[in-house]
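See below for the structure under consideration.
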Amino acid sequence: MSNKMGGSFLAHRTPQVANLERRLFLKRGLSVGALALLAGCELTDAESVQKVLWAMSGWNDRVQDWLFDPSRLAPEFPESRITRPFPFNGYYSESEVPVIDGTDYRLELGGMIRDAKPWRLPELYALPQVSQVTRHICVEGWSAIGKWSGVRFSDFLQRVGADTTAKYVGFQCADDYSTSIDMATALHPQTLLALRYADEILPPKYGFPMKLRMPTKLGFKNPKHIAAIFVTNENPGGYWEDKGYNWFSGS
Ligand SMILES: Nc1nc2c(c(=O)[nH]1)N[C@H]1C(S)=C(S)[C@@H](COP(=O)(O)O)O[C@H]1N2
Ligand SMILES: [Mo]
């Protein structure tokens with residue numbers, strides 16, 4: 001790693017981060033500056049570089065969590081701004097999208113949830129629905145505006161008696177995908193258990209029968225084909241998160 005990386009990291013420090021740095025330094029003797037210096041020093045073997053990157057990523061998660069304002073809304077757009085066609089993305093090609101039978105489908109609930117009975121699709125369609133036209137941003141370098149509708153996730157969590165003092169909500173998908181989010185994001189007003197895309201039942205490629213839509217998180221944190229939702233205090237990680245993608249990846 002080069003000194004340049006450490007240098008630019010410091011240069012882009014905002015007053016808010018500088019403040020945090022001071023507080024952190026007092027609280028646990030660790031600062032942004034210290035990490036930047038660490039990043040700038042000569043680390044030659046891949047293992048120690050990886051360790052530093054993991055440490056920085058974990059630290060980054062905590063800072064983002066502190067800076068995240070659950071009342072701040074992501075931009076919404078008029079329907080005229082919708083990207084057509086909306087892109088497909090997944091860890092496999094579009095021809096390999098899982099085919100899920102809606103009649104047999106049950107959404108499983110687990111962990112710190114009082115009423116963890118499975119949900120059938122007609123029951124979910126019967127709940128009050130809201131819509132959003134928001135921008136989806138993928139780490140691979142593209143973004144697109146789309147319209148999703150479904151159940152406000154905070155309403156759903158309340159309805160099933162989820163313990164909202166828990167730290168994490170985890171998602172297991174019908175493909176081999178998984179992800180997890182912080183509770184503040186789960187309760188964010190724009191976090192949606194999306195059942196429709198462009199006013200139609202979610203097509204397979206966009207995540208039938210449901211995806212979690214969060215305009216405050218990068219695309220890979222928005223799980224499609226959700227099979228199970230669980231509430232926990234242990235960070236469940238996820239498909240990309242376990243490969244080193246920054247866990248918080250949001251605002
Ligand atoms: N189950 C599942 N969810 C997933 C993925 C996946 O491969 N499987 N890919 C993620 C990534 S990286 C992106 S960018 C979005 C793509 O969503 P879209 O196909 O609706 O554009 O889904 C996310 N959720
Ligand atoms: Mo993505």
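Of all the Cα-Cα pairs you can form in the stretch 56-160, what percent are over 16 Å apart?
Values: 4131 of 5460 pairs.
Counting every Cα pair in the stretch 56-160, those more than 16 Å apart make up 76 percent.
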For the stretch 113-130, in residue order, the Karplus 3J(HN,Hα) values (coefficients 6.51, -1.76, 1.60; θ = phi - 60°; whole Hz; Gly and Pro = x) are 10, 5, 9, 8, 6, x, 10, 8, 4, x, 5, 6, 5, 7, 6, x, 10, 10
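Ratio of the stretch 103-251's C-alpha Rg to 2.2 N^0.38 Å, to two decimals? Spell out each step's value before the answer.
On the way: Rg = 14.0 Å, N = 149, 2.2 N^0.38 = 14.7 Å.
The reported ratio for this selection is 0.95.
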Which cross-chain or sequence-distant (5 or more) residues have an amide H under 5 Å from the amide H of ALA227, H modelled 1.01 Å from N in plane? GLN172, CYS173, ALA174
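Of the listed peptides 84-95, 140-151, 205-216, 223-234, what is their order by residue-averaged count of other C-beta atoms within 10 Å, with the highest listed first?
Numbers: 84-95: 11.3, 140-151: 17.2, 205-216: 23.5, 223-234: 20.4.
Ranked by mean Cβ neighbours within 10 Å, highest first: 205-216, 223-234, 140-151, 84-95.
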How do VAL99, VAL133 rank when sorted from fewest to most other Cβ atoms within 10 Å of their own Cβ? VAL99, VAL133
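Values in this text are rule-based calculations from the coordinates and carry no lab data. Note that the coordinates shown come from a computational prediction; the quantities given were computed from them, not determined experimentally. Positions of Cβ are backbone-derived with ideal geometry, glycine not excepted, and every protein chain shown enters the neighbour counts.
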